[in-house]
Every structure is written in C-alpha cells, then in structure tokens.
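Let me begin by presenting the structure, written as structure tokens, before commenting on it.
The values are calculated or read from the model by the stated rules, or taken from the named source; none is laboratory data. This is a predicted model, so every value here is computed, not measured. Don't worry about glycine lacking a Cβ; one is built from the backbone with ideal geometry, like all the others, and counts go over all protein chains shown. SASA here: full protein model, heavy atoms, side chains in, ligands and nucleic acids out. Shrake-Rupley method; radii C 1.70, N 1.55, O 1.52, S 1.80 Å.
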Amino acid sequence: MLLSITTTRRPASDLSYLLHKHPEKVQQVEIAAGAVHIFYPEVSEERCTISLLLDIDPIGLVRRNSGPGGTNEFALEQYVNDRPYVSSSFMSAAIVKAFSTAMNGRCKDRPELVNEPMPLEVEIAVLPVRGGEEVLRQLFEPLGYKVGFERHPIDEAFPEWGESRYYTVRLSNTTTVQQLLSHLYILIPVCDNDKHYWVGQQEIGKLLEKGKDWLPGHPARELITLRYLKHQKSLANQALEMLLQAEGESSEEDTKERKLRTHDLRLLAVRDELLLTGAHTVADLGCGEGKLVKLLWAEKQFERILGMDVSFRSLEIAKDKLKTDRLPPHQQKRIQFIQGSLTYRDTRIEGFEAAALVEVIEHLDEPRLAALEKVVFKYARPGAVIITTPNAEYNALFEDHEEGRMRHSDHRFEWTRQEFETWGRQVAETHNYSVSFKALGEEAPEVGALSQMAIFITKDTSYVKR
Ligand code: SAH
C-alpha cells in the first residue's frame, strides 16, 4: 500500500528536511506488521514527492497477532483479507514510525519550516471508505482539503458486481506538514472503520494528542471519535468530554478568591490533612494546574503522587510548571499526570491510600455527581478522601453579591454547609466511610468560612493511620 505526499512550495526539496533526509536513497523502517520503505520519486525545486510503501507480511500478521488483548482478530479471515493491500491503521503505525520527528513538530536543521503552511497533496493508492464519498468529504473538507477520488469496482472483469468500498484518494490543502500527518494518522483508520489491534483507554490519549488542534471544532467529531475508538461508546463519550473541556475552559479558580490568596491557604490545609492520614500514595483528582501536586511533591511522606484532570490544557500547564520532564528519574517516577474524567470508572486511579478533590465537585452537573461518587468511593476506594467545595453562605459577604449568583461561571452548584454535610453523610454511609467536616478559611459570624472540607476515612481497612 502506497501513500505519497507532494509539495509545490519552492524550493520543494525542503520537504526532505521535514520528513526524511537523503532523498537520493531508499530508506526503511520496521513496524510490527512489516517493513516501511521510504523514497522520493520526484525531487526538484518545483515539486517534491515522498512515498511510503508499506509492505505487510501477511503470514507474520496472522502469527504475530496474539499480542495485547489476546485475540487473533484475523483468525477467521486468516490469510485472505485486504489488509496487505489497503491503507488502514497499519498505515497510521507506519506514519508515526517513519515521520515521528515531523509529527512532534520538530526539525533540527530548519526549525522555521515546522510552522509553515505549504501547498501539499496526498495520494492514497487504496483506501477503504465505509460510507463512501459522503464520509470522505465529511471528514476531510472541514479541514480545508479538496477531495478527489476514484472508486474501484469489485472486479473489473465483472462490472455487474458493482462498486467496492476501495478508493484511490487525492487530497490537497495548504497546511503544515505536522497537521497533515495528524489528519492522516487519525482519519485513515476512521475511513476504514476498523483497527488492527485492541482499543483501550490509552487510545483516547492518542486521539486527543493528535487531534487536539482540530478535532474539537470538527463538525464530524462524534463520528471520528466513535470510529477511531472502534465503536466503544463509553470510550468515545469520555474522549468527547475531554476534547470539549480542553477546548473552552478555564480551570483557574475565581479571581475574587485569587486576590485573597485563600486558594493557597486552602491547598495547604488539604496538604496537612493528607499528611495526617499517613498515606504514602495520593491521587489529586481534578488537579487543575498542579498546585496541590507541587505542595505534595515537597513532602517526603508521599512516595507516589498522581494528578488527574479532564483538561488537557491544565495538565500541560501542570507538567510545565513542575518541569516533570527535567526531574531526575527517581523523582519522575514519583509524579504522574494523566488525563481522565471522574465520571467514568478508571483503573488508573485505583489503589491509592488517599485522594483529594479540591474545588472539583461543583464543576459537575448534579446528576453527574452520582457517577463521580461511585467512581471515587465505590471503585477507586482510597483509604482517605478529602473533598473541598465553596460554602455558598459566604457569598453574601462579597461586595457585588447577587442572590443565586455563583463565584465562578463554570460552577454548576454551590452548597450551604448543611447541603454539603447532608451529601457527605449519605456518601459515607453508602460506601462505608466515616466523615467529618471542617471550615476552610476564617469563619465569619452566621455564614461560616469561604470554603468547606469533608474528610472521609474508610472503615474497612486499617492502613490509614490518624
Ligand atoms: N484542584 C485544582 C483545580 C480546581 S478547578 C485546584 O484546586 O487548584 C476544577 C478542576 O476540575 C478543573 O481543572 C477541571 O478541569 C476539573 N474537572 C472538571 N470536571 C472534571 C471531571 N469530570 N473529571 C476530572 N476533572 C474534572
């Protein structure tokens, strides 16, 4: 199967800086399914083409396909299937392997080329497209591509058999090479509507990473997400939630509060409570930009710290602030950031001695709160859980207070002390925890403090010392 990328930007031969140097040589890389040959059929000032020829080893494919997931998806189709002859998720694997530097937006010798949109044409020799022409246009046109194609008959010798789902596709657009590769990486298997491997949670990460700049605004994002995640509805819903969160949200707490710097005090109070639990492993759920993680990191007691948030952008900021990539290896092992949603069960947050949710619950619609409750208290079940949320009664003290107005536009509810305690007691009872409540911040007469905290301690294990 063959994929070619051509540019007419002058000098066109610059393409080789971005994609693969030494246009005069045929080069090779290996992927699990076979060999990828990379070569330049045309190199001139006016026009430069690079081709990927993916040579799948059909027998090896059948034999090797007993990897993660454990099933041999080709068992029935065995040696007779279209995989060696069409572009599919194998082509995505080849693109990543052959063009990883360009996909990551790097170019050592000519860094200025990375962000330069250039006229690019792509030809995919054989692409299976479920849903045909309409789907092809639906996927590529919103990204600015002109789409040309030729549909192949099932068998040229028997025209009466009709058309197949195989197309030769030609795409042209003016965009950066990095964007083009990320589009192809995701949309080739989406057209094919199949994948050669088992699809799990980590596949969401790939989709969000490669699609973050263009998928949230794509009109067919639902179709893309569903097909990319092999029609697993729960994974697709999670991915969509994360995509949309990443797009338009601001996770910083209210400016009013920032002025008061009460948020920092709140985080110190949570850190102290976590220290008191005696926990060595802690998960900061809805960690935002990682302020609590940073405080926890300074405490030797915490051997393993996980920060989880639904927002990709916040996590990027968190990692940047903590400079996690520059930590020595033993420190890198201590801290991990993951993207995830607290309204879906996630095994990655299981097994922690303690967890904190600082000013997170009020960001969820009340019905979703029931899902969070289960995810945290039923499935993840940390020994101790610290939850903080605003105290709605305190809002009366804000100068510009209006009845019913919340502190932050993204808050879905704000509770009085009574409401929070009622909720907390019910959660504790349902899931076999004890619970106590504390004011967070200075307490004013009648209305109490700015925020409130609930400390849940499990009744069914003894590892949490207080
Ligand atoms: N705990 C941090 C951030 C609080 S802001 C701090 O105190 O500084 C609320 C955070 O909850 C945001 O970062 C938001 O992205 C996150 N959040 C909202 N809904 C979420 C969900 N369903 N799963 C995980 N995180 C969520």
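Here are a few things to note about the model shown:
- Hey, residue 281 of a type in the set (Ser, Thr, Tyr), at pLDDT below 95 and either more than 13 Å from the ligand (Cβ to nearest atom) or open to solvent by 30 Å² or more (accessible area, probe 1.4 Å) (or both) or not: no
- Yes/no for residue 410 being within 11 Å of the ligand (Cβ to nearest atom), open to solvent by 20 Å² or more (accessible area, probe 1.4 Å) and acidic (Asp, Glu): yes
- Of residues in region 327-347 being open to solvent by 40 Å² or more (accessible area, probe 1.4 Å) and within 22 Å of the chain's Cα centre (by Cα), the one nearest to the ligand (Cβ to nearest atom): 344
- The residues in region 348-386 that are open to solvent by 60 Å² or more (accessible area, probe 1.4 Å), on the phi > 0 side of the Ramachandran plot and either within 14 Å of the ligand (Cβ to nearest atom) or basic (Lys, Arg) (or both) can be counted, and the count is 1.
- Residues that are open to solvent by 70 Å² or more (accessible area, probe 1.4 Å) and under 21 Å from residue 277 (Cα atoms), drawn from region 413-434: 425, 429
- Total residues in region 133-151 satisfying the condition of being open to solvent by 50 Å² or more (accessible area, probe 1.4 Å) and either in contact (Cβ under 8 Å) with a residue 40 or more places away in the chain or out of contact with any helix residue (DSSP H, G or I) (no Cβ under 9 Å at 6 or more places or on another chain) (or both): the figure is 7.
- Single unsatisfied condition, residue 254 versus (1) at pLDDT 85 or above; (2) over 18 Å from residue 310 (Cβ atoms): (1)
- Filtering region 376-409 to residues that are charged (D, E, K, R) and within 26 Å of residue 354 (Cβ to Cβ) leaves 378, 381.
- For region 217-243, a tally of residues being touching a residue at least 40 places away in the same chain (Cβ under 8 Å) and open to solvent by less than 20 Å² (accessible area, probe 1.4 Å) returns 6.
- On inspection, residue 24 does not qualify as touching a Lys or Arg at 6+ places or on another chain (Cβ under 9 Å) and outside any strand (DSSP E or B).
- Filter result (open to solvent by less than 50 Å² (accessible area, probe 1.4 Å) and either within 9 Å of the ligand (Cβ to nearest atom) or under 14 Å from residue 355 (Cα atoms) (or both)) within region 296-314: 296, 302, 305, 306, 307, 308, 309, 310, 311, 314
- Of all residues in region 396-405 being open to solvent by less than 70 Å² (accessible area, probe 1.4 Å) and in contact (Cβ under 8 Å) with a residue 24 or more places away in the chain, the one that is nearest to the ligand (Cβ to nearest atom): 398
- Any chance residue 203 is outside the structural domain of residue 17 (by TED's automatic domain parsing), within 25 Å of residue 242 (Cα to Cα) and among the charged types (D, E, K, R): yes
- When residue 172 is tested against (1) under 18 Å from the mean Cα position of the chain (by Cα); (2) open to solvent by 30 Å² or more (accessible area, probe 1.4 Å); (3) small (Gly, Ala, Ser); (4) at pLDDT 85 or above, exactly one condition is not met: (1).
- Residue in region 185-193 that is over 19 Å from residue 90 (Cα atoms) and touching a helix residue (DSSP H, G or I) at 6+ places or on another chain (Cβ under 9 Å) present: no
- All positions within region 144-164 that are in a helix (DSSP H, G or I) and either of a type outside the set (D, E, K, R) or not assigned by TED's automatic domain parsing to the domain that holds residue 187 (or both): 159, 161
- Count - residues of region 80-116 that are part of a helix (DSSP H, G or I) and basic (Lys, Arg): 2
- Pairs with Cβ under 9 Å, 6+ apart, first in region 439-450 and without any contact (Cβ under 8 Å) to a residue 24 or more places away in the chain, second open to solvent by less than 20 Å² (accessible area, probe 1.4 Å): 442/449; 442/450; 443/449
- Residues of region 409-434 satisfying the condition of being β-branched (Val, Ile, Thr) and under 34 Å from the mean Cα position of the chain (by Cα): 427, 430
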